[in-house]
1. Would you check the protein assembly as shown for Lys pairs whose C-alpha atoms are within less than 16 Å, ignoring same-chain pairs closer than 8 in sequence, and give me the count?
2. What's the average, rounded to a whole number, of partner chain beta-carbon atoms within 10 Å of each residue's beta-carbon in A:146-159?
3. In nm, to one decimal, how far is the A:Q67 label point from the A:R122 one, both placed 7 Å along Cα→Cβ?
4. Place a point 7 Å from the Cα of A:E268 along the Cα-to-Cβ direction; which residues of the stretch A:179-195 have their backbone N under 17 Å from it?
5. Quick check for you: which residues of the stretch A:223-241 have the amide N under 12 Å from the point 7 Å beyond the Cα of A:R6 toward its beta carbon?
6. Which FRET efficiency value, to the nearest 0.05, is calculated for B:K164 and A:A59 with the Förster distance at 45 angstrom and r the Cβ-Cβ distance?
7. For A:S27 paired with A:L162, estimate the spin-label separation in nm (one decimal), with each label point 7 Å from Cα along the Cα-to-Cβ line.
8. Based on alpha-carbon centroids, what's the gap between the stretch A:174-219 and the stretch A:60-114 in Å, whole number please?
Amino acid sequence: MEVLDRYEPLIDDFEAFRAACERPLPSVVRVNTIKTEPETARAALEAEGIGVEPCGWHAGLFRLDTQPGANWPYYHGWLHGQEEVSVVPATVLDPDPGDRVWDACAAPGSKTTQLSALMDDRGLLVATDNNLGRISALRSNAERLGVTNVAVTREDARNHSLKPWEAKAYDAALVDVPCSCEGTIRKNPDTLDEWTLEHVEGIAGTQKGILRRAVQTVREGGHVVYSTCTFAPEENEAVLDHVLGAEDCRLVEFDLPLDHVPGVTAFEGETFDESVRKAKRIYPHHNDTGGFFCAKLEVTG
Amino acid sequence: MSDDREHDGQTFVRLPTDPDDRIHEDQPTRDEVLDWWDERFGIGRDYLADYTFWEKGRGKVWAFHADTESPVRVEGLGMSVLRTRGDHWKPTTNAVQRFGHRAERNVIDLTREQAEAFVAGEDQEVPWDGDWGYLIATHDIAGETEPLGVGLYLHGELRSQIPKGRRRDL
Ligand SMILES: C[S@@+](CC[C@H](N)C(=O)[O-])C[C@H]1O[C@@H](n2cnc3c(N)ncnc32)[C@H](O)[C@@H]1O
């Protein structure tokens, strides 16, 4: 936990932040609208005696009083266990049915399957990941949830090839990068045991490469959403700052019906482009969730 | 027949529309696949018309709700929906869970107790006076009739085809 002390200058109510990080996380499911409706899923859960509390900001998200896996609606692929903040980036990208969409770091597919549902399971959704074991989890999640518009490939997203996809640019891309995962401390209390600044800086290099490739593969006027589950500005605002300088894109505003604060423009002597304030930081004490970072970019060239 | 058109287990090849374009003698055509869903389960050709159908490895058919150039070397393309090796084509659990609510025949509706045994992978005696072979098993949940998976009906017995990884004790 001491690792988190470095963020004290960034966080208003640091005591509340620390206290939230020590609490376990509520169990949340997302209703899979490829197969059912929120009301039907809720009725099926309640018929099994499971307590359901809707998350106010999103119609298809429920907090449960039990683990999500062992019930009929889950068996039918009506539900997917997904942390509340993890639902944010796909809602920000908000693709339309028929779009061409790339999910760059896709496994195990929580956001891929959500993107497919938002696309009404129509239009090309390319999901890449570089880890075969995680790809197999992605495939079984996609199949259980009834996703039929996803193409899965094993690739390093930094070198993603458009060739198999008729060499056409995407309308949108989701870049949910590997990160130091500080914001998942409530789920995995030992997540910070291995934390080093070298790791943070190393992974930031990968993040920059993946985000740059995403901007290159999306058409002018299309959107890229960048997200992490970590607090480190090196992996968040610094990555945006780098890509703003290297590729044709700009940050844009977006609505988020959860409590949050803007991206930070300075940390430990580094300063970042003013526009990174359009990104959003969600701290665990804001909404009783995990920690999260999300930014929306528009491709300008 | 050029090399890149043959199956190497990694490449997806779009099912031909013309029977003369088959890359192996028992490769199904697109029409045969559409007709099969219609004839076996009454799932109309219209409902599946927007899908492209692909084969990865002999006799393993995938349905993709998008399109791209064939062949394509990827890990997955839509959903694995059908096995066409042998005389009796077999739909996958995931396919009948996705499309089965449209089925009009060869559907067997189970009680809650029977459904529990079915998803646990058990074989059971169930009365049925229709065709033998692969059936779609359903049950009622939250006011809907929802497909559970595939059962093989033979000699008065419904044999659950739920794969091990999908079985549950509910
Ligand atoms: C935060 S997780 C993604 C979670 C996923 N978006 C979801 O919602 O289920 C990051 C993923 O990036 C993958 N990854 C790491 N380096 C990569 C690279 N260079 N190219 C593509 N994927 C990569 C990891 O295997 C991991 O599955």
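Please treat every number below as a calculation from the coordinates, not as lab data. If you're wondering where the values come from, they're calculated on a predicted model, not measured in any experiment. Note that we place each Cβ from the backbone using ideal geometry, even for glycine, and neighbour counts take in every protein chain shown.
1. On the way: A:K111/A:K296; A:K208/A:K296; A:K278/A:K296; A:K280/A:K296; B:K56/B:K90; B:K60/B:K90.
For the protein assembly as shown, qualifying lysine pairs total 6.
2. Average per residue, whole number: 5.
3. The answer from the label model is 3.9 nm.
4. A:179-183, A:192-195
5. A:231-236
6. So the FRET efficiency works out to roughly 0.80.
7. Here the modelled spin labels are 4.5 nm apart.
8. Spelled out, the Cα-based centre of one part sits 20 Å from the other.
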